[in-house]
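Input: a single structure, listed below in structure tokens.
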């Protein structure tokens, strides 16, 4: 099978992990007789340096011409002083909108080998951590109007948080469908005691609930959810929520699993083309030092094979290789513990390739 993959190497330490993920994809292609063609795409800080724009239209067009896109995190101190429209993160928002990707799916799964790395008490960890956050990705306050103006002699900043019924319904349906494929539990996280948008979310979710009688449906305020993720994460199966709340709680969820460097993610729309990326940032403090953990990016590539390319066996192969390497006690610095062997980014990639 031939697939065309857009590759955004990202900024700071991101090119190091993307390089390892591409090595893994090449090994999979050779083993299973596929051809993966890569198209290099500039976005974020790299695009600002080259074009003065975090995502020029020509680069977005390359993404749209690909079967899926593998992305390394963008941004870093070099570009922090840029004006709002020119910041690297604006390129990411434009990419999601341009590709029509409205659903971000982030698993929070504890690998048993890393149980000791979780910051939670062993008694909590023993109950298990295995849930997924389904986050609406192209609406809400991140895509509403932003303005700063002077009123009565002082600056006033305003950020608008709009949501329409169809935006809520399509992500809500993905939440219910995801729950049907898992343990049939869905929790809608909102702030309905304060926000009109959250009250509309509940109205739409109640309508959808009637279509999925097998799903155990519940609702939770986002502040309580943040506490419950730390207190008893085993209670969750699928969480569906709006853009900003999902951004926050999915990062929290990833940290309780032991290392943010282990968590992949997918962003999908109506078709099979998706955007796949590790959830961690560009780690500028360790860029070029061969210290960054490549596993989340490698697992993101596995998610791409599974969900966009219908290559379940190939995805299983990558995940099994990661599991075998962890069983051997190999760890990058972010997940190092006593009795394990410290390795760098490239050595971790070498070990996973050897297992494949």
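Taking 0.36 nm per residue of sequence separation and subtracting the Cα-Cα distance, how much length would be gained by fully extending the chain between residue 287 and residue 323, in nm to one decimal? Intermediate values should be presented prior to the final figure.
Working: separation 36, 0.36 × 36 = 12.96 nm, distance 2.58 nm.
Difference between extended and current length: 10.4 nm.
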If I take every Cα pair under 8 Å that is 6 or more residues apart in the chain, average their sequence separation and divide by the length, what percent do I get for the relative contact order? 22 percent
Using all Cα-Cα distances in region 119-256, what percent lands in each 10 angstrom bin from 0 up to the longest? 12, 39, 30, 13, 5, 1
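Of the listed peptides 102-115, 202-215, what is their order by residue-averaged count of other C-beta atoms within 10 Å, with the highest listed first?
Working: 102-115: 19.6, 202-215: 14.4.
Top to bottom by mean Cβ count within 10 Å: 102-115, 202-215.
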Cα centroid of region 277-353 to Cα centroid of region 72-127, whole Å: 15 Å
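Would you mind calculating the gained length between residue 157 and residue 248 on full extension (0.36 nm times residue separation, minus the Cα-Cα distance), in nm to one decimal?
On the way: separation 91, 0.36 × 91 = 32.76 nm, distance 2.14 nm.
Stretched out fully, the residue 157 to residue 248 stretch lengthens by 30.6 nm.
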Would you calculate the separation in nanometres between label points at residue 61 and residue 182, each defined as 7 Å from the Cα along the Cα-to-beta-carbon direction? 3.9 nm
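For the chain, what is the percent of antiparallel DSSP beta bridges, rounded to the nearest 5?
Values: 21 of 49 bridges.
Just about 45 percent of them are antiparallel.
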Where the centroid of each part is defined by its Cα atoms, how far is region 130-198 from region 213-273 in Å? 13 Å
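If we sort 30-41, 172-183, 234-245 on the protection proxy, mean other Cβ atoms within 10 Å, highest first, what's the order? Write out the running numbers ahead of the final one.
Details: 30-41: 13.8, 172-183: 18.0, 234-245: 22.7.
The peptides rank, most packed first, as 234-245, 172-183, 30-41.
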Structure-based [θ]222 nm, the chain - -39500 (n - 2.57) summed over DSSP H runs of at least 4, per residue, nearest 500: -12500 deg cm²/dmol
Which length gain, in nm to one decimal place, applies between residue 40 and residue 166 when the Cα-Cα distance is subtracted from 0.36 nm times their residue separation? 41.9 nm
To two decimal places, what compactness ratio does region 40-97 give when its Cα radius of gyration is scaled by 2.2 N^0.38 Å? 1.04
Calculated P(r) of the chain - Cα pairs past 29 Å, %: 41 percent
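Bear in mind that the values in this text are calculations on the coordinates, not laboratory data. Keep in mind that what you see is a predicted model, and the values were worked out from it rather than measured. No Cβ is skipped: glycine too gets one built from the backbone with ideal geometry, and neighbour counts run over all protein chains shown.
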